[in-house]
1. Would you tally the residues in the range 110-146 being among the aliphatic types (A, V, I, L, M), more than 23 Å from residue 190 (Cα to Cα) and in contact (Cβ under 8 Å) with a residue 24 or more places away in the chain?
2. Among the residues of the range 209-231 satisfying the criterion of being of a type in the set (Val, Ile, Thr) and part of a helix (DSSP H, G or I), which is most open to solvent (accessible area, probe 1.4 Å)?
3. Counting only residues that are open to solvent by 80 Å² or more (accessible area, probe 1.4 Å) and either in a strand (DSSP E or B) or under 25 Å from residue 156 (Cβ atoms) (or both), how many does the range 111-132 have?
4. What is the residue count in the range 96-106 for residues that are open to solvent by 20 Å² or more (accessible area, probe 1.4 Å) and without any contact (Cβ under 8 Å) to a residue 60 or more places away in the chain?
5. Go through the range 69-83 and count every residue that is at pLDDT 95 or above and surrounded by fewer than 14 Cβ atoms within 10 Å (Cβ to Cβ).
6. Somewhere in the range 84-91, is a residue open to solvent by less than 20 Å² (accessible area, probe 1.4 Å), touching a Phe, Trp or Tyr at 6+ places or on another chain (Cβ under 6 Å), farther than 19 Å from residue 138 by Cβ and not acidic (Asp, Glu)?
7. From the list 206, 147, 163, which one is more than 14 Å from the chain's Cα centre (by Cα), surrounded by 18 or more Cβ atoms within 10 Å (Cβ to Cβ) and not basic (Lys, Arg)?
8. Which residue pairs have Cβ atoms under 8 Å apart, sit 6 or more places apart or on different chains, and have a first residue in the range 72-88 that is within 16 Å of residue 127 (Cα to Cα) and a second that is among the aromatic types (Phe, Trp, Tyr)?
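The values are calculated or read from the model by the stated rules, or taken from the named source; none is laboratory data. Please read all numbers here as calculations on a predicted model, not as lab measurements. Here Cβ is always computed from backbone atoms with ideal geometry, including for glycine, and neighbour counts include all displayed protein chains. Ligands, DNA and RNA are excluded from the accessible area calculation, which covers all protein heavy atoms including side chains. Shrake-Rupley method; radii C 1.70, N 1.55, O 1.52, S 1.80 Å.
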Amino acid sequence: MGLVCIMAAIVVAIFQYYQTRHQPAPSQPSATQSKKDTSASHSPSSKAVDALVSIEVKGRAPKTGYSRTQFGDGWLLNGSCDTRNVILNRDLVDTIVNERCKVTKGTLYDPYTGITIEFLRGDTTSDLVQIDHVVALSNAWQTGAQLLTTDERIRFANDPLELLAVGGAANQAKADGDAATWLPANKSFRCQYVARQIAVKQKYRLWVTQAERDAMTRILEGCPEQTLPTP
């Protein structure tokens, strides 16, 4: 029980850090059946379609200079808890956490596929559940992140708003795709997915390509009241 409290405290600490360093505040995931975000309230002025209009439309910048290390060397540590395990504990249900602050077991209702995945930590099983950067890091690099400071890029890559626990196969299939080239197979989650991408791009002052904007607009036409994710 003490470990669960520690994990909860870590999540709170991460949110407070981001709120003081970067506005607007980050949000919890809106994954279907998520134990941490099932009935979030939203501001009437936070519609995704309105936010999308405010984001600049430009072509992709060259990928020159991109590498994963531009966004930090892996997950940030807060004591013995790293970002990956914080997100696993946030998004999975019935989690078991060991004395090293590692999630060893849990159940994921994969928002990208709608499939239930039983997570068990191990050399051959851990990759069944992965942490996705909702806006792929290479996409971010080519749409403005290369203009951010190193510190901002590290915060970007560890921001709970930008992260979701998802099925490993779906994450690999997405690769560095944007909304114009990849959308979740779970159609009921597409509005939430696009809204989260918009929230991330708005927060970090990234732009969208015309193809991205067109794809996002098409999705949001089916859910014009979709709001941005909030804590």
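1. Total meeting the criteria: 1.
2. Ranking the candidates gives 217 first.
3. 3
4. 5
5. Total meeting the criteria: 1.
6. no
7. 206
8. Close Cβ pairs (under 8 Å, with a partner that is among the aromatic types (Phe, Trp, Tyr)) amount to 83/75; 84/75; 88/119.
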